[in-house]
Amino acid sequence: MVTTKPVGKKRRRALEASIVIGLAFALIFVAPLVLSGFRLGLLGRFLALAIVALGVDLIWGYTGLLSLGQGIFFALGGYAFAMHLQLNLAGDGLPEFFGLYGVSELPWFWQPFYSLPVTLIAMVALPGLVAGLLGYLVFRNRIRGVYFSILTQAMLVVFFNFFNGQQKLINGTNGLTTDTTVLFGQQVGSDRMQFAFYVATVIVLALTYGLCRWLTRGRFGRLLIAIRDDENRLRFSGYNPAMFKVLVFAVAGGIAGAAGALYTVQSSGITPQYMSVAFSIEMVIWVAVGGRATLGGAILGALVVNWAQALLSEQFPEVWLFFQGALFLLVVTVLPKGIVGWVRDDAVRQIRDLFGLQPQLSTYPDLELDPDVKREQRELAGK
């Protein structure tokens, strides 16, 4: 009996790992055979968005931090990768847009992005460091709840306006294009490179899922849930919730940066529009639709919402926003736990009630067949 529980956990973890690996192989080897090049490109972008949804679920679903500013970190990762690609295209010269504004010398902060290894580190570390710094300034003052959400949205507006106004440094509102740039001697917009980025996105998504699952298991995961459910009690128990929140917020920022970089190279470029308020709110909606604190629900929500948006905008270009709004209302009113939460907790009961099927009681009817109970009944009848 002592070893049953650990063995059960190991089996569940092995099963979960097998499912993740199986889905990854299916996405890499089966999906390209079934989907057209256009649809496969859409899937690659949506999978990149599923990565950032995992980060949102980590901080909101498990830790209770409703951030409305994840677009900051998403765009920072995208800009980091796009800057490297622009420098690759320019060679020994300057990226083309600098000439439009009379800039004759490369700004100092562009210099590190000549190196691909530095770029790969920066597109995750830079958003993570910015998130950690912002989180430290916020959480040390014990700002939480709706005030935290408002503050993250205010920071998003500040970053959006700042990046919009930097024409001479990062091309302002026009952003940085990537489809005509070159990486490893191949044009980034070519079919070969786009498929390579698609495969990289699938791998990063699987690894990010594994990281989030590892963080949410065990003692650290229980601490995150304790912060979400009763932060004051956790503080009275001798823990410092602020440091845990800073850490998890930084991790979510790094995840968003990786997602932004992969999305950028599959969508032709990056602009400050990815720091818009609407886009960051959409990230929260994906997690709400899929199911908070489920991880798999975050991925499912991102794919379902974005596929629905793509298909509805094609079929009903004039009224598709109404369908999208109806989907969100349905989730909020009928499926408050999201799709995965509903399937896990309420689906069986609601389907049974819909068809008028009553659950079978296994306790009291069995008493009538119990030999001891029958013997006692006969004894009582004889008296």
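The values are calculated or read from the model by the stated rules, or taken from the named source; none is laboratory data. Here the structure is a predicted model, which is why all the values come from computation and not from measurement. Note that we place each Cβ from the backbone using ideal geometry, even for glycine, and neighbour counts take in every protein chain shown. Protein only, heavy atoms only, side chains kept; ligands, DNA and RNA dropped before computing areas. Shrake-Rupley method; radii C 1.70, N 1.55, O 1.52, S 1.80 Å.
Taken over segment 292-326, the criterion of being farther than 30 Å from residue 215 by Cβ, in a helix (DSSP H, G or I) and hydrophobic (A, V, I, L, M, F, W, C) is satisfied by 310, 311, 312, 320, 321, 322, 323, 326.
Report whether or not residue 304 is surrounded by fewer than 24 Cβ atoms within 10 Å (Cβ to Cβ) and more than 29 Å from residue 193 (Cα to Cα).
no
With respect to the conditions (1) under 21 Å from the mean Cα position of the chain (by Cα); (2) surrounded by fewer than 19 Cβ atoms within 10 Å (Cβ to Cβ); (3) under 30 Å from residue 227 (Cα atoms), residue 137 falls short on a single one, namely (1).
Set side by side, the residues 320, 342 differ, and just one is touching a Leu at 6+ places or on another chain (Cβ under 6 Å), open to solvent by less than 50 Å² (accessible area, probe 1.4 Å) and more than 27 Å from residue 77 (Cβ to Cβ), which is 320.
Restricting 78, 22, 55 to those that are more than 25 Å from residue 179 (Cβ to Cβ), modelled with pLDDT of 95 or more and crowded, with 24+ Cβ neighbours inside 10 Å reduces the list to 55. Taking residue 233 as the residue in question, decide whether it is surrounded by fewer than 16 Cβ atoms within 10 Å (Cβ to Cβ), basic (Lys, Arg) and either free of Cβ contacts under 8 Å to residues at least 12 places away in the same chain or part of a helix (DSSP H, G or I) (or both). Answer is yes for this residue.
For segment 140-153, name all the residues that are among the small types (Gly, Ala, Ser) and surrounded by 13 or more Cβ atoms within 10 Å (Cβ to Cβ). 149 - this is the single residue of segment 140-153 that is among the small types (Gly, Ala, Ser) and surrounded by 13 or more Cβ atoms within 10 Å (Cβ to Cβ). Listed conditions (1) surrounded by 11 or more Cβ atoms within 10 Å (Cβ to Cβ); (2) part of a loop (DSSP other than H, G, I, E, B); (3) modelled with pLDDT under 70 are all met by residue 360, apart from (1). Of all residue pairs spaced 6 or more apart or on separate chains, those with beta-carbon atoms under 6 Å, a first member in segment 144-155 that is closer than 18 Å to residue 72 by Cβ and a second member that is open to solvent by less than 50 Å² (accessible area, probe 1.4 Å) and hydroxyl-bearing (Ser, Thr, Tyr) are 152/67. So which residues in segment 191-221 are farther than 16 Å from residue 59 by Cβ, loosely packed, with under 13 Cβ neighbours inside 10 Å and free of Cβ contacts under 8 Å to residues at least 24 places away in the same chain, if there are any at all? Listed by number, the residues that qualify are 192, 217, 218, 219.
Here the condition is being open to solvent by less than 10 Å² (accessible area, probe 1.4 Å) and in contact with a Lys or Arg (Cβ under 9 Å, 6 or more places away or on another chain); of 61, 69, it holds for 61 alone. Looking at 234, 207, 247, 211, just one residue is at pLDDT below 95 and not β-branched (Val, Ile, Thr), and that residue is 234.
Among the residues of segment 33-52, those identified as of a type outside the set (A, V, I, L, M, F, W, C), open to solvent by 40 Å² or more (accessible area, probe 1.4 Å) and not in a loop (DSSP other than H, G, I, E, B) are 37, 39, 45.
Among the residues examined, residue 309 qualifies as among the polar types (S, T, N, Q) and at pLDDT 80 or above. Within segment 163-190, being surrounded by 15 or more Cβ atoms within 10 Å (Cβ to Cβ), touching a helix residue (DSSP H, G or I) at 6+ places or on another chain (Cβ under 7 Å) and of a type in the set (Gly, Ala, Ser) holds for 172, 175.
The helices (runs of 4 or more DSSP H) found entirely in segment 84-170 that carry 3 or more residues being more than 19 Å from residue 256 (Cα to Cα) and not aliphatic (A, V, I, L, M) are 96-100, 146-164. Restricting 354, 300, 327, 295 to those that are at pLDDT below 75 and hydrophobic (A, V, I, L, M, F, W, C) reduces the list to 354.
Filtering 138, 118 for residues that are closer than 22 Å to residue 52 by Cα and touching a Pro at 6+ places or on another chain (Cβ under 6 Å) leaves a single hit, 118.
In this structure, is residue 49 within 20 Å of residue 301 (Cα to Cα) and either in contact with a Phe, Trp or Tyr (Cβ under 6 Å, 6 or more places away or on another chain) or aromatic (Phe, Trp, Tyr) (or both)? No: the conditions fail for residue 49.
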